[in-house]
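Structure first, then comments.
The values are calculated or read from the model by the stated rules, or taken from the named source; none is laboratory data. Treat the numbers as computed from the prediction; the structure is a model and nothing was measured. Cβ: placed from backbone, ideal geometry, glycine included. Neighbour counts: every protein chain shown. Each accessible area value is taken on the protein alone, full model and side chains, heavy atoms only, with ligands, DNA and RNA left out. Shrake-Rupley method; radii C 1.70, N 1.55, O 1.52, S 1.80 Å.
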Amino acid sequence: MVPTARLVLVFLLTALPTLRSQKVDNRDFAIDTCYPTPNEIQLAEARARRFWAKDVLRYGPEPRYLAVETSKIFPGEVQDLWPKLINSETTASFFSHGKRTYSNLELLGIMIYDTKTGRFVSNQGYISVDTPPRGRVARFGPYLARYIGSGR
């Protein structure tokens, strides 16, 4: 009985860090870049600050970046949209609907908020079709960021 208990204890001690580790979705959720308006940036930045002030202890300091929804984007605003959709790693929801029309396509502008500086990394955002689950760490362009949606 004692050897079994030791074996279980050793297993738990070695498996615990793995169980608590953060899963990262390394697919790039960005299909293009965008430039939200100053007003959209200001509102999204305020939401990101509120979110981070409330949830910093829940998530901890890593990753350093938050992916924040800033705006809705119309398909007509994206040049060469079809090739970008086809070549994207994360447009499954669009292609799973069968009909390939832009009427059921929801494009989101996402900006990257730096939790250390308390500001967005730039005035450039990323266009995304699908998004990871809220709270999940994923790639947006060159950044690994925790997706917080609209931050509400």
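Considering region 88-105, the residues that are assigned to a helix (DSSP H, G or I) and free of Cβ contacts under 8 Å to residues at least 24 places away in the same chain include one that is most open to solvent (accessible area, probe 1.4 Å), namely S103.
Across region 20-41, the qualifying residues are those that are hydrophobic (A, V, I, L, M, F, W, C) and more than 18 Å from P75 (Cβ to Cβ), and the one among them that is modelled with the lowest pLDDT is V24. Screening T70, T117 for residues that are among the polar types (S, T, N, Q) and part of a loop (DSSP other than H, G, I, E, B) leaves exactly one candidate, T117.
Conditions tested, residue by residue: (1) assigned to a helix (DSSP H, G or I); (2) touching a residue at least 12 places away in the same chain (Cβ under 8 Å); (3) out of contact with any strand residue (DSSP E or B) (no Cβ under 8 Å at 6 or more places or on another chain).
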residue: I41; (1), (2), (3): yes, yes, no
residue: M111; (1), (2), (3): no, yes, no
residue: G135; (1), (2), (3): no, yes, no
residue: A145; (1), (2), (3): no, yes, no
residue: R152; (1), (2), (3): no, yes, yes
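Would you mind telling me which numbered condition in (1) over 20 Å from P132 (Cα atoms); (2) loosely packed, with under 12 Cβ neighbours inside 10 Å I41 fails? If we test I41 against (1) over 20 Å from P132 (Cα atoms); (2) loosely packed, with under 12 Cβ neighbours inside 10 Å, just (2) comes out false.
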